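These notes concern the structure reproduced below.
Read the figures in this text as sums done on the coordinates, not as results from a lab. This one's a predicted model, so the numbers in the text were calculated from it and none came from an experiment. Glycine gets a Cβ as well: all are built from the backbone with ideal geometry, and neighbour counts include every protein chain shown.
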Amino acid sequence: MSSHYKKHFRKRRRRTFLAILFLLGIIALFTYDSNARIITEEFSVSSGKLPANFDGYRIVQLSDLHGKSFGNGSSELVKAVKNAKPDIIVITGDLIEDSKSGSWAQTLLKKLVDIAPVYFVTGNHEWASGGLVELLYIMEDCGVKALGNKYTVLEKDGEKIVLAGIDDPNGLADQKTPQQLFREVRAEQGDIYSILLAHRNNRLDTYAEAGADLVLCGHGHGGIWRLPFVGGIIDVNRTLIAKYDSGFYIKDNTVQFVSRGLGTIWHIPRFLNNPQVAVIVLKK
Ligand SMILES: [Fe+2]
């Protein structure tokens, strides 16, 4: 081969190498952003059943943190929640990753309760972590209300709505079903606007059958990697292009919102799927 051709191939190899390097750099940059930069997204949910005094009521939903810190002492997350000006904060499961997450959770929860009342339901990871009992003690200590198959009444200027919560199906085998819980709600509170906190995103039929007006879920992680026009690629049940990965779903009179969550599992980084602080604004 003449020296002219050798030079030509060397040049082409170098160009290809630089192009690959550039591409990897872009992917690394997007991956970093997709895991570190929290995005606050606001959604309105209207219902004629909502009492007028709850018009404009702001619920900040945090889901699937899996023990992840955003900034020193979760400062970035706390700032995002504060800026959202919530009336209440709800945590829809998979807050902790393992039994060592206790002091991390305590630091975060103490800051959150200073912003607004905090409510919590368990996810599958709490039950698998070995740290649930300690977490519940920490919550009691911080003033976080765990809604394990129970409900509470939220009041605003004399009007009421119900905030109910169910434990993850990975919890106790003989736990109350959503249907049983909502039978109680109706027997004790009548036909009242009711919000359900439930970790799992793939049980809309059950939530609709129970008769919740609005359900706030997580678990799906937005499909971990997201692509424009496609949405989530794979969910935490290892289903490709799974339904219920993010946003709103409706069945009968039940509106379900699925958060993309904030953290990661199996150490797989999120891609084009920034950690989400969801703000649900109730509208009459
Ligand atoms: Fe989960």
Three principal axis extents, largest first, for the C-alpha atoms of segment 175-284, in Å? 45, 33, 22
How big is the Rg/Rh ratio for segment 126-168, C-alpha atoms only, Rh by Kirkwood, two decimals? 1.10
Taking 0.36 nm per residue of separation and subtracting the Cα-Cα distance, what length does fully extending Phe9 through Lys85 add? 21.3 nm
Pulled fully out, how much extra length does the chain show between Thr16 and Ser47, if you take 0.36 nm times their separation in residues and subtract their Cα-Cα distance? 5.5 nm
With the Cα gyration tensor of segment 4-75 giving a ≥ b ≥ c as the square roots of its eigenvalues, does the rule (a/c under 1.5 for rounded; else a/b larger than b/c for prolate; else oblate) give rounded, prolate or oblate? prolate
Per DSSP H run of at least 4 residues, take -39500 (n - 2.57); add these up for the chain, divide by its residues and hand me the 222 nm value, nearest 500 deg cm²/dmol. -10000 deg cm²/dmol
Any chance you could tell me what percent of the C-alpha pair distances in the chain go past 25 Å? 48
Most exposed first, judged by fewest Cβ atoms within 10 angstrom, Asp87, Asp114 run Asp114, Asp87
Taking a ≥ b ≥ c as the square roots of the eigenvalues of the Cα gyration tensor, with a/c under 1.5 meaning rounded and otherwise prolate when a/b exceeds b/c and oblate if not, segment 94-200 is oblate
Please work out the C-alpha center-to-center distance from segment 1-72 to segment 231-249 and express it in whole Å. 17
Selection of trypsin sites (Lys or Arg not before Pro), segment 1-37, meeting DSSP coil and at most 16 other Cβ within 10 Å: Arg37
Return one quarter of the surface area of the convex hull spanned by the alpha-carbon atoms of segment 13-136, equal to its mean projected area, in nm². 11.4
Residue-span extension gain [Ile38 to Glu209] - 0.36 nm each, minus C-alpha spacing: 58.2 nm
Given springs between every Cα pair under 10 Å in a Gaussian network model of the chain, which of Leu29, Leu65, Leu50 has the largest fluctuation? Leu29
Report, for segment 37-283, the % of DSSP beta bridges that are antiparallel, rounded to 5. 40
